[in-house]
Amino acid sequence: MDVPKLLEAASLLVPEGSATENDITVADIWEYLTHDQWEVALGLLEELGDVPPLPLGFWETLATAAEQMRMEKSAAWCHWRWYETRRGVIRADLTLRPAAEARRQTPISGAGVLRPMWNIGNRTATGEPALNIATLWVEFTPFLEPGGRASVRLAPLDPQQWQHLRSGQVITMHEDRSVAGTAVVLEVQRPAATPARG
């Protein structure tokens with residue numbers, strides 16, 4: 001399927017009456033599509049994805065369109081949102097330890113590359129802290145410097161281990177035995193429905 005048809009198909013999955021914070025609607029997106037402004041249409045569809053919970057097909061279709069346009073970051077974001085639709089959303093306010101106090105001396109990529117361990121309160125059979133892995137997406141910035149602070153999204157390797165998280169809970173990030181950062185959970189959303197396929 002070509003890019004305009006993919007974007008049209010995704011727009012048809014957005015409920016009528018949905019609008020972004022800037023009052024952009026599907027009608028506006030169709031206007032961009034008729035003028036072959038596919039990148040703008042893709043970006044606006046990504047924004048509309050924040051309004052209601054949308055079906056998996058919405059994010060799958062957008063990811064395919066972004067891949068065909070060779071927009072790697074948009075494709076990665078759409079794949080991330082597809083994961084969140086299936087597994088739920090976990091957002092937190094993360095503060096990394098400064099370079100002088102931590103092992104990490106370089107910024108971390110914001111685009112879902114790093115898979116650190118997290119102390120989320122789980123314990124081993126012997127009572128020791130059990131660390132759980134979750135991929136990290138930094139919101140609104142391409143990277144996070146040591147000592148920096150940002151809103152992040154987490155994609156757990158095993159979402160079942162994260163079921164107990166609640167807003168306001170403090171969790172710690174680890175890249176080795178030492179604490180690399182501290183995060184306060186901002187939001188936990190369970191998936192709307194269990195998907196039929198994996």
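The values are calculated or read from the model by the stated rules, or taken from the named source; none is laboratory data. This one's a predicted model, so the numbers in the text were calculated from it and none came from an experiment. We place every Cβ from the backbone using ideal geometry, glycine too, and count neighbours over all the protein chains shown. Surface accessibility is based on the protein's heavy atoms, side chains included, excluding ligands, DNA and RNA. Shrake-Rupley method; radii C 1.70, N 1.55, O 1.52, S 1.80 Å.
Structure notes:
For every residue, the table says whether it meets (1) part of a loop (DSSP other than H, G, I, E, B); (2) open to solvent by less than 80 Å² (accessible area, probe 1.4 Å); (3) touching a residue at least 40 places away in the same chain (Cβ under 8 Å); (4) under 21 Å from W80 (Cα atoms).
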| position | (1), (2), (3), (4) |
| --- | --- |
| L7 | no, yes, yes, yes |
| L13 | yes, yes, yes, yes |
| D36 | yes, no, no, no |
| G57 | no, yes, yes, yes |
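- Conditions (1) assigned to a strand (DSSP E or B); (2) out of contact with any strand residue (DSSP E or B) (no Cβ under 8 Å at 6 or more places or on another chain); number of the one not met by I120: (2)
Listed here are the residues, each with its yes/no results for (1) closer than 23 Å to K73 by Cα; (2) at pLDDT 95 or above; (3) open to solvent by 20 Å² or more (accessible area, probe 1.4 Å).
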| residue | (1), (2), (3) |
| --- | --- |
| R103 | no, no, yes |
| G147 | no, yes, yes |
| G168 | no, yes, yes |
| S178 | no, no, yes |
| V185 | no, yes, no |
| A196 | no, no, yes |
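- For R70, the conditions (1) assigned to a loop (DSSP other than H, G, I, E, B); (2) under 20 Å from the mean Cα position of the chain (by Cα); (3) under 18 Å from L12 (Cβ atoms); (4) not polar (S, T, N, Q) all hold with the exception of (3).
- Among (1) farther than 22 Å from A99 by Cβ; (2) of a type outside the set (G, A, S); (3) open to solvent by less than 20 Å² (accessible area, probe 1.4 Å) - the single one I133 does not satisfy: (3)
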